[in-house]
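J.: Mind looking over this structure? Questions follow.
Quick note: the coordinates plus some simple rules give every number you see, no bench work behind them. All of these numbers come straight from a predicted model, not from anything done at the bench. All Cβ positions, even for glycine, are placed from backbone atoms using ideal geometry, and neighbour counts span all protein chains on display.
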Amino acid sequence: MESVPAAPAVDAPAGELGRPRLSLVDVVAQSIGFIGPVFSVAFLLPSVAGLGFTGKGAGVGSPLALIVATIGMCGVAWIISCYARRIHAAGALYDYVTDGFGQRVGFLAGWVYYGGMTLLCVAIFPAFGGFMALTLLGNHNIDIKWWILALASVVAVFGMTILGVQISTRTQLTLALVSVSVIFSWIIYVIVKGGVHGNSGTPFDPSAISFNDLFYGLLYACLVFTGFETAANLAEETAEPRRSIPRAVLWSVVGVGAFYVIVTYGLELAFGLDMGAFLDPKNFPPLYTAAANPAFGGSTFGEVVQWIVLVDIFAVALGVANACSRGYFALARDGRLPRQLGAVHPRLRTPWVAAGLLGVVSAVLVILTEVTDGIVSGAPSDPGVWFRFFQFGATFGALGLIIVYFLIAVSGFLGQPGENRIGLAIAAIVGAAATLAAIWGTVYKAPAVYSLDKVWWLTAAWAGLGVLVLLFLHSRGDFDRQTSAQERHGSG
């Protein structure tokens, strides 16, 4: 769908999403909401420093590793932004890979990408319910079962998703502004105060970190950007997609990358650059420990930070629900999934069948997680059975997304109409290197706990199932004609 102005209200054709009225602010909120920068700071960034599968990381040089990772992901973001200027479709990366490599590879990319996103979607609700239950019990001695809170979040998230995308994006915007603003303001206070022993440039000094440590830090650093591209899933509902979507994609990577670098630096100062204490399991997550330190906040502020992280998890859930339901819609509209999933609510103009299916699956998996002791294997120290499925689902999901990022990066070598081929080739090299590092970081020395050592072959099995579906579609002649999505939203 080509860029159109915010025209007078007209009814959208049957099978089409709502009128294009989302603004740049809305689509930025979608990308940042999906990333969940505060949640990532709390639970994912410690892996960059050395709490990952390998037990190795960038240590005190984590801010430097994050700068390098941001540059790498900017390579992928640049190529995505080039596609986004030409192709305005709800399928986003599925449509981009189709444009670059053809319908068959595009289908497989969509199958892997939205398969991974589905696991991310259903795994985020146990995380929300579990962390909220812990927060209520630990701070106020209020005991509410985690699965009740998780089911309530499923209803709230998919209710907003069905009622209207602008409701979801504006809610994400509010939650992201609150969570990011509070944490960023606090970390600036820590930096200005000089942490424990005063400010230091050591975290940014290349001589303070070995190449080996930097490499291990990069394995995990690229993973904390997953979801930056999902602004593109809202292209059909955006007033000026040619302008807004590329900006949202690039700005989210640069802005979130800067946030990660500054917050990680401030947290290291709060621990006096003592990475032994920073990585001590007793202090996990270091964000909570630093916030509860009387020198920088205290117990009350520590609880505030816990609630802010919960706010960010809810924003992540909204972002994933928006993107994944529109991915189902796009694949179904093209005949790659059952046509029923391409249905649009006649009044609300939202993919309500796809969103409803995701909501039902999420609710069922919340219940199964409770009754099966977490579905996957866990550890005695787990805070609850919910944590087990969350860890597995988040890892499987991230790997699916990163694999497709790699395909997008490689497509940069093919060039883009009207774009500088040398610049695209550089972006392809940088992006491919970053995504390969992230893929390796997901599978290398993955432990048996939470069945993380099985993620790579389960992903391969999922891709293999996609090949079988592809062969079935091919036998029906589905790839012998251009899809409706390409006809409406293809290059131009």
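J.: Rounding to the nearest 10 and keeping the result within 0 to 90°, find how far the Cα-based axis of helix 385-411 lies from the longest principal axis of the chain.
T.: 60 degrees
J.: Let me ask another. Hey, what angle do you get for helix 299-333 against the long axis of the chain, alpha-carbon based, 0 to 90 degrees rounded to 10?
T.: Once rounded, the angle reads 20 degrees.
J.: Further, regarding this structure: At q = 0.11, 0.12, 0.13 Å⁻¹, what base-10 log of I(q)/I(0) does the Debye formula yield for the chain when every alpha carbon is treated as an equal point scatterer in vacuo?
T.: -0.87, -1.05, -1.24
J.: Let me ask something else about it. Where the only charges are on Cβ atoms (+1 Lys, Arg; -1 Asp, Glu), what is the dipole of the chain about its Cα centre, to the nearest 20 debye?
T.: The calculation lands at about 740 debye.
J.: While we're looking at this one, here's another question. Please give the net charge around residue 165, taking every other residue with its beta carbon less than 15 angstrom from that of residue 165, where Lys and Arg add +1 and Asp and Glu add -1.
T.: Residues near residue 165 contribute +2 overall.
J.: Need one number: the % of Cα-Cα pairs in region 188-294 sitting beyond the 21 Å mark. Spell out each step's value before the answer.
T.: Working: 2863 of 5671 pairs.
Here the tail beyond 21 Å accounts for 50 percent of pairs.
J.: Could you work out the relative contact order of region 24-468, using alpha carbon pairs under 8 angstrom and six or more residues apart, expressed as a whole percent?
T.: 33 percent
J.: How would you rank 196-203, 157-164, highest first, on the average number of other Cβ atoms within 10 Å across their residues?
T.: Taking the mean over residues of other Cβ atoms within 10 Å, the ranking is 157-164, 196-203.
J.: In degrees, nearest 10, range 0 to 90: what is the angle between the Cα axis of helix 165-193 and the longest Cα principal axis of the chain?
T.: In the chain, helix 165-193 runs at an angle near 30 degrees to the longest axis.
J.: Over what distance in Å are the Cα centres of region 205-258 and region 349-371 separated?
T.: Each part reduced to its Cα centre gives a spacing of 28 Å.
J.: For region 438-444, just list the computed ³J(HN,Hα) in residue order, Karplus coefficients 6.51, -1.76 and 1.60, θ = phi - 60°, integers in Hz, with x standing in for Gly and Pro.
T.: Each residue of region 438-444 in turn: 5, 4, 4, x, 6, 10, 6 Hz.
J.: Ignoring everything except DSSP H segments at least 4 long, calculate the 222 nm mean residue ellipticity for the chain; use -39,500 (n - 2.57) per segment, divide by total residues, nearest 500.
T.: -22500 deg cm²/dmol
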